[in-house]
Amino acid sequence: MCLSESVSFAASGLLLVGGVYASQRAWKINKSYLPVALMPVFAGLQQFSEGFVWAGMNTGDPALTTVAGLWFIFFTWFMWPFWIPLSVYVLEPKESRRKHLFWIISLIGLAFGLVLFIPHLLNPEWLIVATNQNSLTYDGTMLLDNIIPRKASNAFYLLLIIVPPLLSRYKHIRYFGMSLIAVVAIDYFFLSYAYISFFCLLAGLATLHLIYIISRNKCGLNCKMLFT
């Protein structure tokens, strides 16, 4: 989380335990749930990495801060733009006309994520980690800044992770998409001074909704033929 090292690790533990439980349930109920069930796990690992970013900042260890920061943005810029649409694709019934659309969005997200993350991996000095109002900020150079405005790339990123859940056949996955919209609104209007860190925290906590969906097999209510 953005507030402290201990809070980051606590949030990580909560998400990891919940994600492992959801994954076990997904394995028993329907393996199509598995990519969705892994999202809280990935969110937990991301918060775990931010705990080490805090540790590096608190101890004045720039190497630890950089390595942990790169691990954090690996999830932020690379994983989420393709994993969220991929998860919706896997869960979507075969007869759905939108299933192929989700696959295409996932491929676009993969390409976009590589463009965002690989330059930072090759040029770690591009990543600048600082604190603002007792919260972590991740800033610096981005390759796409030379092509399109940062706001445009941020908007495209949000479309990649929000649109697929909103278009899902399953209403509870659509509800998750709506929760992501709420996260974006809260982050934009109240927490913009550390928007990346807060967005990842709130979006990570939003994946707790996915644990509820899987534990109660909510998608099975919409498609009993696939979830029996």
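The values are calculated or read from the model by the stated rules, or taken from the named source; none is laboratory data. All figures in this text were calculated on a predicted structure; none of them were measured in a lab. Counting neighbours? That spans all protein chains shown, and the Cβs are built from the backbone with ideal geometry, glycine included.
Summary table
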| read-out | value |
| --- | --- |
| Residue under evaluation Trp83, criteria (1) under 30 Å from Trp126 (Cα atoms); (2) surrounded by 22 or more Cβ atoms within 10 Å (Cβ to Cβ); (3) modelled with pLDDT of 95 or more, criterion not met | (2) |
| Residue within region 146-167 that is closer than 30 Å to Ser32 by Cβ, modelled with pLDDT under 90 and exposed (fewer than 15 other Cβ atoms within 10 Å of the Cβ) present | no |
| Test: residue in region 174-185 that is farther than 14 Å from Leu202 by Cα and in a helix (DSSP H, G or I) | yes |
| Odd one out for Trp27, checked against (1) crowded, with 18+ Cβ neighbours inside 10 Å; (2) touching a Phe, Trp or Tyr at 6+ places or on another chain (Cβ under 9 Å) | (1) |
| Single condition Arg98 does not satisfy, out of (1) of a type in the set (Lys, Arg); (2) within 23 Å of Ala155 (Cβ to Cβ); (3) out of contact with any Pro (no Cβ under 9 Å at 6 or more places or on another chain) | (3) |
| Residue match in region 75-88 (condition: on the phi < 0 side of the Ramachandran plot, β-branched (Val, Ile, Thr), assigned to a helix (DSSP H, G or I) and free of Cβ contacts under 8 Å to residues at least 60 places away in the same chain) | no |
